[in-house]
Amino acid sequence: MSTRPRRQAATRKRLVIEISDSDEDATSESKDTDEYRPEQARAVDSAAAATAGVAKRKRWPTARDTAADAPAAKKKRGKKDSNVENACPNQSNTETEAAASAPPGSLTQPDGAAASTTTGRSSFWERRKVWNIHELLAETENIQPTAARNIVQLFENENTIPFICRYRRDLVDHLPPDRLRDIRNTYTEIVDLRKKAENIVTQLERENVINEEIRDELMCAKNNEELEFLYAPYKPASKGTLAERAKALGLEDYADRLLYGTAPQVKLSSIVDPSNEALATETLVLNGICNIIIHNISKNTNVLEELRRLQNVHRIVLMCSKTKDSAASKASSVSGSKATKSSAIADRKIDSSKFENYFNFQGDIKTIRPHQMLAINRAEKHKFLSVKMDTNDYLKRDLSRFISEQYMSQGLQYPLRRETFNRALEECITKKLQPLMCRQIRADLKEKAQKAAIDVFAKNLKQLLLISPLKGERILGIDPGFTNGCKLAIISETADVLDTGVIYPHGARANKRAAEQKLVELLSKHTCQVIALGNGTACRETEFWLTDLFHAGILDSRSIRYSIVNENGASVYSCSDVASKEFPTMDTNERSAVSIARRLNDPLSEYVKIEPRHLGVGMYQHDVSEKTLTESLKDVVSECVSYVGVDLNTASLSVLKHIAGLSEKKAEKIIEYRTAKGPFQSRKDLLSVRTIGEKSFVQCAGFVRIEPLSVGGRLKNPLDCTWVHPESYKVAETILGECDLKLSDIGKASFIARIKEFSASKTKLDRIAKQHKLPMDRLEFLLVALQRELLQDYRADLDKRPLFKQGLTRIEDLSNCEVVTGAVTNVTHFGAFVDIGVERDGLLHKSHMKNCDLSIGDRIVASVVNLDKKRLKFGLRLENILAETDTSFTFKTE
């Protein structure tokens, strides 16, 4: 007889699982911060080193296994090759290396697993192994183990994504920033999972309800779902459920004997107790026993695993149908509570016709697209749609067969057991398992759709921020409106406000004559030839008005041009503290006009003053987690600002705080320092600023620069105005010495040509790399940085310039198959929106994009399709992508 400690539940009861349908339960232990602390992370990962070599045990023993006292024989597993992964250069982690090379033990499958093996699937618990963080990261994100180990150590040392992608990309297999952001999110989830598992283990050990083997199983869980499965049997049972009531009546033993077929046989007549109302008849007794059996089956891990497998094998269809008008009106009716009132107002604002494509919609859950799922969820939320899952009979049949084999293939066989089991099984599938499956599928679809929406928003935001600035031009910003008029603001070449005003070309107070005179006067007075028109309320009416001015010759079409600017967030900015500090005496309406003009002058510097979620370049951004969206967009802003770089002596707080390695408080200290002691003379002066330590300096130094004009025209070290990181200055000086060049020549054509010639010599590069013990990738990037022109804007490499117009065409003047030119204004999963110079943007559906990937700002040639003049809607078909970066629209002439 084995003396090995056994789980208490395995001696009599089947272990059952409690599953929560809310996302909060699965993430209650997770951190709400995105910071990386190497000491904590290493402590978390040490759990893998402490348990890596522990043997795993049998899972969920059947009645046959319980009857047999002898445990299954152990079988050795070969050692893992310890040389598969290489450590990050100049860093080591002896604990994780030892854990990775330790040979974990394993057990053979128990007899009870034979039934599951015959179904052609591998057991959910066959590959149990206590993992290291970098191992699970490599497996989850499908990246090389070496890169995963390096990524973990870089994040533990609090390296930022812009710094890694520019100066440590050789360690991460040259992964792009977008991919690295996803990996970092996964890394954070893995760290939180390990901490959650340790908290659970600590709690259960304090309660003395688990042994070492169960502890190891909890530490093996690779996601929150698995951890919840393993932890649920030890959670206190919910009071008041039908199963718990039946157990309180003493029916649990009878239910177990019927479920597992153990002796002696159950006779309902012997359980009836006339003195107890709940046990007064055989029917009541049978109902109570069935409730316990239903509970046990629905919480069995093997059953839940098979349910997940079957939902991936069988076709499941999501079906939508329009709700009845009475239900919709009832949902939008005003009730007594404030919450219901606000919900009703929101419902009335949304037009149900927007969701007419889904009034009779059905699609396989494997092929449904993210934007479809987001639209369905929004329509369901506002009571326009009812949604259900349609499963075929094969799934139910396969599930019934599996559960029957698990329980009825052993033990005593008699009529009462079969009848009771069949009844309980039918109710369990109908009332428990199928609803659970539907909830899991909806949750998975929602999660994938939200992630896709956040990715779209992040991609569009990056493209918007990196639009090339319009330098050397005075700009008139117009914030259009009806009642309050069109607010005007003119800014100089350096974005200083020159003049402001208000005109009334529309609405009840319209005075077009005075508006024309005021507009022409401002443009002439300040010799301004560029107009930035906000795309908000009254935008198209103002655009038609400007077009009439061009036609009438009031505005000179040979010199004056205008551009439509994204106005989203301008009103939010005008009321913000940032705007109040910049323009304390200016009216809030005029502030928004200044913001619109500056968005054309330097989009990045102006957009960073506004919360990214207010910029409106996403897809269903109001239907996703605000916290997740904000974190993702904050990373994108930091990436864009860091790559473009800033002048340390002129950058505003709004821009400086987004530089990698800096925060708002650190940016404030930098500004205080330069105000008190004058401009920074070199990058190393940053170390004199309070709160800027060596770690912060390393992260931010490559993204800030000292421009000549800010220090009187003479730089202490010209390398401070390049992409070269201070840690590589010595290497750069060595290269310049070999090329017989001077630091003062940086940026000149002869300098760039000589460096280019040097970089073509592999022998010289190998010698320099060996001399300075520098990876070749970093040396190559250093040479690229030295070959850039001084002060060359990173955004010039992307060549995304603003679109200018000199007139507007009306939708009624369009016709099907007409060829037009336009600019992409937004990109989604289902297509792109294109401004072709009419009242509203046209939809270029994905099916008409010829498998081309478009981005915001792209100029295209398209043909008009599906023109609906009554609803002011039209579609487009892509014909060509223009190489020109400054395509202007002209108005039609008769």
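The values are calculated or read from the model by the stated rules, or taken from the named source; none is laboratory data. Computed from a predicted model, the values in this text were never measured in an experiment. Quick reminder, even Gly has a Cβ in these numbers, built from the backbone with ideal geometry, and neighbours come from all protein chains shown.
Of all residues in segment 507-530, which are in contact with a Ser or Thr (Cβ under 8 Å, 6 or more places away or on another chain) and modelled with pLDDT under 90?
Gly507, Ala508, Arg509
Which helices (runs of 4 or more DSSP H) sit wholly inside segment 535-651 and have at least 1 residues that are within 26 Å of Gln792 (Cα to Cα)? Don't jump to the end; show me each part of the working.
Details: elements: 539-552, 570-574, 577-582, 588-601, 603-607, 626-644.
Ranges flagged: 588-601, 603-607, 626-644.
Name the one entry in Ala514, Ala510 that is assigned by TED's automatic domain parsing to the domain that holds Ala579, of a type in the set (A, V, I, L, M, F, W, C) and in a helix (DSSP H, G or I).
On the way: Ala510 fails: in a helix (DSSP H, G or I).
Exactly one of Ala514, Ala510 is assigned by TED's automatic domain parsing to the domain that holds Ala579, of a type in the set (A, V, I, L, M, F, W, C) and in a helix (DSSP H, G or I), namely Ala514.
Would you mind stating whether Leu736 is more than 33 Å from the chain's Cα centre (by Cα) and closer than 25 Å to Asn159 by Cβ?
So Leu736 does not fit the description; no.
Can you spot a residue in segment 741-750 that is of a type in the set (Val, Ile, Thr), in contact (Cβ under 8 Å) with a residue 40 or more places away in the chain and surrounded by 15 or more Cβ atoms within 10 Å (Cβ to Cβ)? Walk me through it before giving the result.
Start the filter on segment 741-750 by keeping residues that are of a type in the set (Val, Ile, Thr), which leaves 746.
Cutting the leftovers down to in contact (Cβ under 8 Å) with a residue 40 or more places away in the chain gives us 746.
Then keep just the ones that are surrounded by 15 or more Cβ atoms within 10 Å (Cβ to Cβ); that gives 746.
Scanning segment 741-750, I find at least one residue that is of a type in the set (Val, Ile, Thr), in contact (Cβ under 8 Å) with a residue 40 or more places away in the chain and surrounded by 15 or more Cβ atoms within 10 Å (Cβ to Cβ), so the answer is yes.
Does His314 meet the test of being over 19 Å from Gln413 (Cα atoms), touching a strand residue (DSSP E or B) at 6+ places or on another chain (Cβ under 9 Å) and either free of Cβ contacts under 8 Å to residues at least 40 places away in the same chain or not charged (D, E, K, R) (or both)?
Details: over 19 Å from Gln413 (Cα atoms): yes; touching a strand residue (DSSP E or B) at 6+ places or on another chain (Cβ under 9 Å): yes; either free of Cβ contacts under 8 Å to residues at least 40 places away in the same chain or not charged (D, E, K, R) (or both): yes.
The answer is yes for His314.
Please verify whether segment 576-588 includes one or more residues that are in contact with a Leu (Cβ under 8 Å, 6 or more places away or on another chain) and crowded, with 18+ Cβ neighbours inside 10 Å.
Scanning segment 576-588 turns up no residue that is in contact with a Leu (Cβ under 8 Å, 6 or more places away or on another chain) and crowded, with 18+ Cβ neighbours inside 10 Å.
How many of the residues making up segment 537-557 are crowded, with 18+ Cβ neighbours inside 10 Å and touching a helix residue (DSSP H, G or I) at 6+ places or on another chain (Cβ under 8 Å)?
Residues in segment 537-557 being crowded, with 18+ Cβ neighbours inside 10 Å and touching a helix residue (DSSP H, G or I) at 6+ places or on another chain (Cβ under 8 Å): 3 in total.
Suppose we keep only residues that are without any contact (Cβ under 8 Å) to a residue 24 or more places away in the chain and in a helix (DSSP H, G or I) within segment 709-729. Which one would you say is farthest from Leu782 (Cα to Cα)?
Leu709
Quick one: Phe680 ticks every box in (1) of a type outside the set (Val, Ile, Thr); (2) modelled with pLDDT of 90 or more; (3) surrounded by fewer than 17 Cβ atoms within 10 Å (Cβ to Cβ) except a single one, so which number is it?
So the condition that Phe680 fails would be (3).
Can you tell me which of (1) more than 23 Å from Gly616 (Cβ to Cβ); (2) touching a His at 6+ places or on another chain (Cβ under 6 Å); (3) among the aliphatic types (A, V, I, L, M) is the one Ala538 doesn't meet?
Just one mismatch for Ala538, condition (1).
Residue-by-condition table, conditions (1) in contact with a Lys or Arg (Cβ under 6 Å, 6 or more places away or on another chain); (2) surrounded by 15 or more Cβ atoms within 10 Å (Cβ to Cβ):
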| site | (1), (2) |
| --- | --- |
| Asp256 | no, yes |
| Leu268 | no, yes |
| Asn276 | no, no |
| Leu284 | no, yes |
| His295 | no, yes |
| Glu306 | no, yes |
| Arg309 | yes, yes |
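Taking Ile596, is it crowded, with 21+ Cβ neighbours inside 10 Å, touching a residue at least 24 places away in the same chain (Cβ under 8 Å) and touching a Phe, Trp or Tyr at 6+ places or on another chain (Cβ under 6 Å)?
On the way: crowded, with 21+ Cβ neighbours inside 10 Å: yes; touching a residue at least 24 places away in the same chain (Cβ under 8 Å): yes; touching a Phe, Trp or Tyr at 6+ places or on another chain (Cβ under 6 Å): no.
So Ile596 fails the test.
Which residue pairs have Cβ atoms closer than 7 Å, lie 6 or more positions apart in sequence or on different chains, and pair a first residue in segment 399-421 that is closer than 20 Å to Met437 by Cα with a second residue that is surrounded by 15 or more Cβ atoms within 10 Å (Cβ to Cβ) and among the polar types (S, T, N, Q)?
Pairs found: Gln406/Asn302.
Determine whether segment 610-619 contains at least one residue that is more than 28 Å from the chain's Cα centre (by Cα), over 24 Å from Cys486 (Cβ atoms) and surrounded by fewer than 21 Cβ atoms within 10 Å (Cβ to Cβ).
First, the residues of segment 610-619 that are more than 28 Å from the chain's Cα centre (by Cα): none.
Checked against the condition, which is being more than 28 Å from the chain's Cα centre (by Cα), over 24 Å from Cys486 (Cβ atoms) and surrounded by fewer than 21 Cβ atoms within 10 Å (Cβ to Cβ), segment 610-619 yields no hits at all.
With respect to Ala449, is the statement that it is modelled with pLDDT under 90 and under 21 Å from Asn377 (Cβ atoms) true? Don't jump to the end; show me each part of the working.
Numbers: modelled with pLDDT under 90: no; under 21 Å from Asn377 (Cβ atoms): yes.
No: the conditions fail for Ala449.
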